[in-house]
Structures are given as structure tokens and as C-alpha cells.
Amino acid sequence: MRSRTAVAALVLAALTAAVTPAHAGTYGPLPPSNPYTAATGTATMHGDTANSDTTPYAGTGTAPVTAARTALQSACPTVTAGGDGLIVALCTRIFGRNPVAVLLDPATGGRLATLDLPQGSLFGGVYAYLDQDDRLVTVDPDGNLLRVGHHRGADGTWKLSVDASLPLGEAARGGVVGLSPDWRGNVWFATPAGTVGVLTPAGDVHTLALPAGETVANSLSTVPGQAAVTTSHALYALDAGPDGVPHILWRRAYDRGTARKPGQLSWGTGSTPVYFGPGDGTDYLAITDNADDEENLVVRRRDGSEVCTLPVVDGTEDAVIATGRSVFVTSTYGYPYPALPDDAGPSRPASASFAGGLARVDVDADGQGCHLVWRSAAKSAALPRLSVADGRIYTVTVTGPTASALGTNTFAAYHYAVLDSDTGRTLTTRFLGLGLLYNPLEMTGTTTSDGTFWQGTTTGVVAVRRAS
């Protein structure tokens, strides 16, 4: 999903009390656990390789919370946690604009170690995931796949180091947009120029060029037996043979509209494809299109056949949240990004106010269509996270003026917010802070096993946890 990655880079380029799980069984199942990542829910920017933006952990619920900000002088779109409980973030420094891996103490949010990585292109070294050994996996600007481990010395101090480096070839030079392992141990990657690649466990690299004129601006997703990626024109399902050579299973064009909309970073879908479903968690595949009026939620079956195309939001640069039969869509129409990619093109209209809003859509019980369940006026400044354990949606909302770049206006106020996923009603909010320091800029938060919500911002990470 481009928004969290691109926004972080663009920012820098321009400068339960425990809750009773009343909803347990309503949502899910979770996507299949990938054997080549850390635990489902905290292994990737979107929690898992299906990019569901769900978590298996109960959050803070409506209990009183405390919030603490860790200043990192970096924008942090990817916040993950491994089996050892340590927080591993991939950020981009404000000064120098290079990626930096950061290890944080889960109890305090304090910085334990950092490792600067080479400066690359807009997308180079931003998307990442934690592998089964809790190593951060990313790609450097020279096209090398890096596995960054964290190690504790005899004196008790922590260190981050590149434990392994494997070349992905010329196609990956300058960085990649998407990065995800499959169930055979292959690592899939996608480049902005429209190339999809596969790195096999043996170290071989095979690439597939998508049709000329189609670019990739969002991440890719993997589930057993299938991978998916969106281009500026179409949604693709792919697979790789026993030799690791990727091939197209099907291609489905979507309505890309006549121009980019305000609050978007490219002309086309703003959504990473998301797998979900009531069977094994991979029955369906969802994206949003870029239709000129209201954008549609597009849901397809794994074989590419259509379930529904339903108007739902005025525009979005966010991936959807999806689980069971439910899909949650966040509007970013008019969101004030500080800068745009060189090839973004003009928006239509030229500008718009950020109104926000979320919507829930359910696939019909017979799987033959979809219907709107609710709309909410909440102005989410981040891509929310849904807990399948407690049925709450966790996010950061904004009030006050947001028209200035980065929301640096003194009166742009950011709040930790908890919503009821059954009704869309905001259950509770907690003021976090004003202006740039607390602006999440449509990046997504991560909920860890203790219920703490870790939200990347333009200048660091905010941890929201239940008050003791």
C-alpha cells in the first residue's frame, strides 16, 4: 500500500483494561500464518502478508490510556514486533533522508539500537517485514535484499547488523515498492517500473515485466498458492512455478478514472490488494478503484470472478481493512500531503478539504454481492487497525485546521481513537498532541500482544497503552 510508505518518504523529501471479546467469532479467520515471517499481526506494515490490517490481539478497549512519544527525527511507516517482543521499526531520517532500522524497548519505547542504511529512491528501503528469525527484511538502493538482525552483547547492549545480503538484480536497483515471502520460501518483490520478481531459496532471481505503461505504486500480497499486485491499470493474481519463475494467473482492469484525486499520490488505485474471507481467510481479494465520482470497493474471488463493485468513498490512498465477510474503507480525499511524486500529475479537482470518513461493507452471506453496513464521519489521519479479538478499530484522528502541509498548523490536534466496528460509533478518544510531532500522515499503527498501540508519525513513534 503506497500511502504509508510514500507519505513517509515524501515528508522527508519536503523537509484490555482487558475487554470481553464480545465480537470473538464475528470476524476472521485471520489469514494463514506465513512460515517465513514473524507472528501474524505484527510481522509487516499491514500485520501479515495478506495485508489485512487486522490484529489477533485485543487493544486498549475503552479503558484509560497513557501515551508516550519516542523522538527519532525520522518518519516511521513500518513498526513490527517479533517473537522476542522487541519493537523493530523501519524509518527514514529527516536529515539525510536515508532509511534507518530502529530497535525499541517494548516496555518504555526507548531506543535500544539503530542502523543507518544506504539512501535510495523514494521507495528504496521503506517496505519491510520481519522474517521467521525476527530479522528485518528490506532492499537497499543497489538492489540487494538485506536481513537485519538484532543481537545482544555480553555487556547487555543491543546492536543491529546486516546478517545477510542477496542481490536481486538490475530490476531492483533504486529500491522496490512491495516485498513479501510466499509459503515456499520465495521472496516476491515489485518495482515502481512495473516489474515483479521472485528470489528463490537457492538465491536465483526471476522477473516478469507487466504490460508497458503500467506502473506499481502499492505493495504486493502473498497467501498460499497466490500473490497479488495492483498496477496503475489493473489487479493481478500471480504464482511461481517450482523453479520460481513468476507467471500471471489472471488480470482484471479497474476503473482508474480520468485523473489523480486530491489526497492521492498517484493516478490509479491507492490500495494494496488485501486477501480475506470467511473460509480460510483467502477466499476474496479487495481493492478500491479510482472512479471519477465515488470510488468503488472492488471484491473478487481468488479465481478473479467478481463479487461486487460498490461505491463507497470519495477517494482513498489507503489499503482496506478486511476480515471474514467485512471490509472497512478509509477516505483520504483531500488529505494534505506535503509533496507529490514527480510523475503524480495534476489532481482533479486541483484541491479539496480533508473531510475524512470511514465505511464498512459486508460481503453478502451467499457470496454473490456486497452491501453497505455503516458510514462514520471520523477523520482518520492514519490507516486504522481492527482487532478481531475485541471488535474495536484503533486509529489516530485529527481535528482543527489540516490544510497546511504536514498538518503543522498549531491547531491541528491528533487523538487516539477507538471505534465500535459493529456500528462505526467512536467509543473514546484521548488527546495525543498538536502539529507535526504527532501527525501520523496516513501511516498505519501496530497492536502488540500486550495491547499497546504503536503509531508511527512524521518524527518518531507514539506508544499508547492501558494506564496502570
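The values are calculated or read from the model by the stated rules, or taken from the named source; none is laboratory data. Everything numeric in this text was worked out from a predicted model, so none of it was measured. Positions of Cβ are backbone-derived with ideal geometry, glycine not excepted, and every protein chain shown enters the neighbour counts. All accessible areas refer to the heavy atoms of the entire protein, side chains included, with ligands and DNA or RNA removed. Shrake-Rupley method; radii C 1.70, N 1.55, O 1.52, S 1.80 Å.
Which pairs have Cβ atoms under 7 Å, sit 6 or more apart or on different chains, and link a residue in segment 152-181 that is within 27 Å of T222 (Cβ to Cβ) and of a type outside the set (F, W, Y) to one that is open to solvent by 60 Å² or more (accessible area, probe 1.4 Å) and part of a helix (DSSP H, G or I)?
none
Considering only segment 367-468, give the strands (runs of 3 or more DSSP E) lying wholly within it that have at least 1 residues that are surrounded by fewer than 20 Cβ atoms within 10 Å (Cβ to Cβ).
Once the strands (runs of 3 or more DSSP E) in segment 367-468 are filtered for at least 1 residues that are surrounded by fewer than 20 Cβ atoms within 10 Å (Cβ to Cβ), what remains is 370-376, 392-399, 413-420, 426-434, 460-466.
Does T332 count as of a type outside the set (D, E), open to solvent by less than 10 Å² (accessible area, probe 1.4 Å) and under 25 Å from G435 (Cβ atoms)?
Details: of a type outside the set (D, E): yes; open to solvent by less than 10 Å² (accessible area, probe 1.4 Å): yes; under 25 Å from G435 (Cβ atoms): yes.
Here the answer is yes, as T332 does meet what is asked.
Report whether or not G47 is farther than 21 Å from F276 by Cβ, modelled with pLDDT of 95 or more and either surrounded by fewer than 24 Cβ atoms within 10 Å (Cβ to Cβ) or out of contact with any helix residue (DSSP H, G or I) (no Cβ under 9 Å at 6 or more places or on another chain) (or both).
No.
When the residues of segment 163-214 are filtered to those that are of a type in the set (S, T, N, Q) and under 19 Å from the mean Cα position of the chain (by Cα), which remaining residue is nearest to T44 (Cα to Cα)?
S180
Can you name the number of the only condition in (1) farther than 22 Å from Q455 by Cβ; (2) touching an Asp or Glu at 6+ places or on another chain (Cβ under 7 Å); (3) open to solvent by less than 20 Å² (accessible area, probe 1.4 Å) that V177 fails?
(2)
Quick check on this structure: which one of Q132, Q73 is of a type outside the set (S, T, Y), open to solvent by 40 Å² or more (accessible area, probe 1.4 Å) and under 22 Å from L437 (Cα atoms)?
From the options Q132, Q73, the qualifying one is Q73.
Kindly provide the set of residues from segment 143-161 that are assigned to a loop (DSSP other than H, G, I, E, B) and closer than 17 Å to R111 by Cα, ordered by number. Break it down stepwise before answering.
Of the residues in segment 143-161, the ones assigned to a loop (DSSP other than H, G, I, E, B) are 143, 153-157.
Residues satisfying the conditions are G153, D155, G156, T157.
Is there any pair linking a residue in segment 282-306 that is open to solvent by 20 Å² or more (accessible area, probe 1.4 Å) and aliphatic (A, V, I, L, M) to one that is at pLDDT below 95 and not in a loop (DSSP other than H, G, I, E, B), with Cβ under 6 Å and at least six apart or on different chains, and which?
Final answer for the pair search is none.
Just wondering, is there one or more residues in segment 319-327 that are open to solvent by 30 Å² or more (accessible area, probe 1.4 Å) and over 26 Å from A389 (Cα atoms)?
No: zero hits.
Here is a yes/no grid of residues against (1) within 22 Å of the chain's Cα centre (by Cα); (2) farther than 30 Å from G41 by Cβ; (3) modelled with pLDDT of 95 or more; (4) part of a strand (DSSP E or B):
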site: G270; (1), (2), (3), (4): yes, no, no, no
site: V298; (1), (2), (3), (4): yes, no, yes, yes
site: V327; (1), (2), (3), (4): yes, no, yes, yes
site: P338; (1), (2), (3), (4): yes, yes, no, no
site: G345; (1), (2), (3), (4): no, yes, no, no
site: A350; (1), (2), (3), (4): no, yes, no, no
site: F354; (1), (2), (3), (4): yes, no, no, no
